[in-house]
Amino acid sequence: MHYAAIPRERGACGVQITQTKTDNGTTFKIQGELDISVAAGLQRDLAECLRQNAHLTVDLADVDACDTAALQLLCAARRTALLQNRTLQVFGLSQAVTIAAAGVGLSLDELGASASISPQEQPHAI
Amino acid sequence: MQFNPVETFRQEAEELLEEIEQSALSLGSADGSDEVVNRLFRAFHTIKGSGAMCGLDAVAAFTHHVESLLARAREGEIEVSPQLVDLVLKSKDQIKILLNAPDGVPDASSEELVSSLDKFGGGSGRTNPAPAAVAAPLAEAGKTWSIQFRPSPGMLACGGNPAALFRELGKLGNLEINAHTEQVPDLERIQPDQCYLWWTATLHTPADENAIRDVFIFVEDGSQLDVDKLHQEPADALAAEQKDTSSSEAKPEGAVAAPPATRQKVISKETTVRVPAERLDRLVNLVGELVMNQSRLAQAAAQNGAPEFTNPVQELERLVAELRDDVLGIRMLPIGTLFGRFQRLVRDLSAELGKEADLVTEGAETELDKSILDQLGEPLVHCLRNCLDHAVEPPDDRAKKGKPRRAKIRLSAVHTGSDVVVSIEDDGRGIDRDAVRAKAIERQLIAADADLSDRDIFNLILLPGFSTAKQVTNVSGRGVGMDAVKRQIDMLRGSLALASEAGKGTRISIRLPLTLAIIEGLLVEIGRDQFIVPMSAVTENVELVATQRKRNNGRNTINVRGDLVPYIDLRKTFSIDSPRPAIEKIVIIQHEEQRVGMVVDRVLGTHQTVIQSLGKFFRNIEVVSGATIMGDGRVSLILDTPAVVRHADRQCREEPLALVAG
């Protein structure tokens, strides 16, 4: 799956989503620039993925940029998982994500990230 | 049309300056001055912010000083006084000058005023630097502010970036932010481009509240921003905030928390759209054309006896009439927009003349077509100037006469049928009937022994060059005022009446049509020519049989249910050379306080009349106010009924018959 912002060239920016089945569930890996222009597509895929998997891990290690709309969407994903009695964990927070969250005063817990795991320690932890 | 942000700002600033003037004037008289100071503060604040955004730095810099003065008034450091009102009004004038200055460069008067603003009420003579210049080190001294920001839902979609806002805010001092997520819905319901997050923040800074609010200026619309100075320790404030947050989080899922009414100042989102007046004029013209074509179509369908067109044509007629009313409605503006500016005029003028007067306005919500309002300002200014200069006595004289020292000028507007009557009434000395009469005799306007009613005498004042003022002042007395007023009102198809009682006061009543563009008319025919009589003037139609003419021995009067009504023969007025029918019709109109008939051959019915100007070559034709194009392509003249009556009146006095005046 690949979403690109409408005015942008495909592949030049936007995000790449990769879903991988593991023993512990599914890993939902997001790569690229995560912003409002790709949020609608991401919403659809995250919702679908949560419906199909009881355990979902979101990997944000290769997110190059992140805006408030994207952070808000990740909050919504965590909320949905809680409501549907599923687990969603965010691992591998890239620097772009942590800076974006700090910039708007958003706790990483709100995104479903475990505070004990730093991005440097487990960049691609599943 | 190209969007020009500076021009848009200028227009907005003009409106805000009007509002400022109103508020400043009410500050001197009304209670609730705290709210008025707040209103003034907000208006100046908006001018400052938008001015800076548009690159009008001189405006922004100057306004910053006014804002600081008002901030001191708000804090109670200086008292609301007439001197403060004066300074605010002067500042308002100065901003207007800066706005209109081609290069926007402040002049000497600007600097002088800045100095007065800063020193007012024992000020230090220095004001905080403008926000752009606020250096933002981690301040040791300063205040702690609690900020709550609930952005408009559409902020993200409009390109708003909260992270950038907080970065800016962080430049002002020590900032702690806390994002609140309880309103973020689940993935099924979230609209990714809407903003559900809201924030609380604590900022320790030497900057003032304006500087904080300035950070949010571009995202203000539809957002809620609350900036409060904290009196407690920051740690306590944070604790209080967290408590607030936890209570919010206890709310049901998805419930949108209503802002606490006591703390929030909702920044209202404008629900109006600014449209240039010329676009509206064009729209009105197009609707006019549409109305004319619709009536041609209706006439063609009726004449050709095509029944399949009857229903669609009727439906079209209904829709066009609705469209016409709506489009004309768009151009209607409350007359209060005009009244507002007179408060200042009366205040300044009475001070200049050494008189004391209050202007009381009523019916400010009464609506009139914009084109009429635009042309009404000047005549009303003339009337008010006359009123203050001639009618209102000096305070001591008033006291001697047992009147209150302060004169009261009442400016009111009221709807009567399809007209609006604007009245200017004072409690001054009234019109000196004898002086007017003496002046008229001196100028040989009337015979020395002429028997004139009060109304006739008062109407002499409306003649060109007539003034009884013994001294010409720079306010009035040159005798060019009232006839100019009369001429302007005539141009607007209105009428003017004077009433006065010696020693008690004068009332000038101006009757105006609601609109100038399209009128309901009565279509009449004389020979093969058709004319439109404005329906608003028509009271009834009666028949005139040839034998009745003879019975009256050539006197043009007819008995209508016991009343003798004079009538005007339009066939003679327009020199129409065709045989009279045996039974003619008299259209009876109301002219001022009397009924007058107009003889025509036939009354054809009502007609939606789009008024077209006759153009400059025919501008001196007195008895018609315009023309309209009929369904069959013919041109019909629209009668200016007061002018027809005046013309007939002159004819009766055996003046030379002339359709073309002057």
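Where a number appears in this text, it was derived from the coordinates with a stated rule and is not lab data. Here the structure is a predicted model, which means the values were calculated and not measured. Here the Cβ is made from the backbone with ideal geometry for all residues, glycine too, and neighbour counts use every protein chain on show.
Could you tell me which trypsin sites (Lys or Arg not before Pro) in the range B:269-374 are loop residues by DSSP with no more than 10 other beta carbons within 10 angstrom of their beta carbon? When the trypsin sites (Lys or Arg not before Pro) of the range B:269-374 are filtered for loop state and at most 10 Cβ neighbours within 10 Å, B:274 remain. For residue B:164 and residue B:299, the difference between the fully extended length at 0.36 nm per residue and the C-alpha to C-alpha distance is 42.1 nm.
Within the range A:2-111, the proportion of Cα pairs with more than 21 Å between them is 30 percent.
Could you tell me the calculated FRET efficiency between residue A:95 and residue A:22, based on Cβ-Cβ distance and R0 = 22 angstrom, to the nearest 0.05? E between residue A:95 and residue A:22, to the nearest 0.05, is 0.30.
Among the chymotrypsin sites (Phe, Trp or Tyr not before Pro) in the range B:513-582, none is located in a DSSP loop while being surrounded by at most 16 other Cβ atoms within 10 Å of its own Cβ. Residue B:447 versus residue B:520, label points 7 Å from Cα toward the beta carbon: distance in nm? Once both label points are built, they end up 4.5 nm from each other.
Database remark: amide H of residue B:500 closer than 5 angstrom to the amide H of B:507 (H placed geometrically; neighbours at sequence offset of 5 or more, or on other chains; Pro and chain starts carry no H).
Under the simplified labelling scheme, the residue B:555-residue B:582 pair shows an inter-label distance of 2.8 nm, with each label point 7 Å from Cα along Cα→Cβ. Residues B:90, B:486, ranked from the fewest to the most other C-beta atoms within 10 Å, line up as B:90, B:486. Shape class of the range B:348-513 from the alpha-carbon gyration tensor: oblate, with a/c at 1.5 or above and b/c at least as large as a/b. Extending 7 Å from the Cα toward the beta-carbon at both residue A:65 and residue B:649 defines two label points whose distance is 7.7 nm. Dividing the radius of gyration of the alpha carbons in the range B:518-652 by their Kirkwood radius gives 0.95 for Rg/Rh. For the range B:278-331, the Stokes-Einstein estimate of translational diffusion at 10 °C and a viscosity of 1.306 mPa s comes to 135 µm²/s, using the Kirkwood hydrodynamic radius over alpha-carbon pairs.
With all projection directions averaged, the alpha carbon convex hull of the range B:168-207 covers 3.5 nm². P(r) tail, the range B:484-530: Cα-Cα pairs separated by more than 16 Å, 60% of all pairs. For the range B:149-209, run through the GluC sites (Glu not before Pro) and keep only the ones in DSSP coil with at most 14 other Cβ atoms within 10 Å of their Cβ. Those that pass, being in a loop and sparsely packed, are B:188.
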